[in-house]
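The values are calculated or read from the model by the stated rules, or taken from the named source; none is laboratory data. Just so you know, these numbers come straight off a predicted model, no measurement behind them. Positions of Cβ are backbone-derived with ideal geometry, glycine not excepted, and every protein chain shown enters the neighbour counts. SASA here: full protein model, heavy atoms, side chains in, ligands and nucleic acids out. Shrake-Rupley method; radii C 1.70, N 1.55, O 1.52, S 1.80 Å.
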Amino acid sequence: MEKLLDSIVKLVAMISNEKVQSVASRLQKAGSDKSAFAFTEVLQTPAALGVAKQVISAWHDTTINASELAYMLLTASHVNEIGINNQRTELVWTGPVTPFVSARRTEQALIEVISSAEKTLFLT
C-alpha cells in the first residue's frame, strides 16, 4: 500500500489538478477494470506516464478498486494544492548602497524577515 501511496503523491505533484480530476473521472467509469486506459488517455508527457505506470503497477498489487483509486488521487491532489497555496516565498535584497539603488543592510532585512515569519523560515 505504501508503494501505491508514494506513487500517487509523485503523480499528483507533477500534473495539474484538472488532469487528476480527468483521470479520476475515467477511473470511476471503469468500474472494476484495472487497466491503464484512464491514465494513458489523459497524460501525455513521458515523465507523467512513467509515474502513472508506477501507480498502475502498485495498484495491481492491492485489492483497491478503480473508484477507490480515483478518490485517493483526488484527495492527494487536494492536499497537494493546499500545501502549495500555504507556501509563500519572498526574496529579500540587501547589499551595498550605490548611487543607483538604495539597499537595506542585511541585518535590517533579516530582522524583518525573522519577526514576520508565521510558521517556518528557511534561510540560505
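Pick out the one residue from L73, L69 that is modelled with pLDDT of 95 or more, among the aliphatic types (A, V, I, L, M) and in contact with a Leu (Cβ under 8 Å, 6 or more places away or on another chain). Walk me through how you get there before you give the answer.
Details: L69 fails: modelled with pLDDT of 95 or more.
From the options L73, L69, the qualifying one is L73.
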* Answer residue from the stretch 102-124, given it is open to solvent by 90 Å² or more (accessible area, probe 1.4 Å) and hydrophobic (A, V, I, L, M, F, W, C) and is modelled with the lowest pLDDT among those -> L123
* **Wholly enclosed helices (runs of 4 or more DSSP H) of the stretch 1-63 bearing at least 1 residues without any contact (Cβ under 8 Å) to a residue 60 or more places away in the chain and among the β-branched types (V, I, T)** => 17-30, 37-40, 46-60
* To do: Could you tell me which numbered condition G50 fails, if it satisfies all but one of (1) more than 20 Å from E81 (Cα to Cα); (2) loosely packed, with under 13 Cβ neighbours inside 10 Å; (3) under 18 Å from the mean Cα position of the chain (by Cα)?
  => (2)
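Determine if the stretch 18-34 includes at least one residue that is at pLDDT below 75 and surrounded by 13 or more Cβ atoms within 10 Å (Cβ to Cβ). Please lay out each step first, then the result.
First pass over the stretch 18-34, keeping only residues at pLDDT below 75: 31-34.
Then keep just the ones that are surrounded by 13 or more Cβ atoms within 10 Å (Cβ to Cβ); that gives 34.
Checked against the condition, which is being at pLDDT below 75 and surrounded by 13 or more Cβ atoms within 10 Å (Cβ to Cβ), the stretch 18-34 yields at least one hit.
Please find, among H60, H78, the residue that is of a type outside the set (A, V, I, L, M, F, W, C) and within 18 Å of the chain's Cα centre (by Cα). Full working, then the answer.
On the way: H60 fails: within 18 Å of the chain's Cα centre (by Cα).
Criteria check complete, one pass: H78.
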* To do: Answer with yes or no whether T94 is touching a strand residue (DSSP E or B) at 6+ places or on another chain (Cβ under 8 Å) and modelled with pLDDT under 90.
  => yes
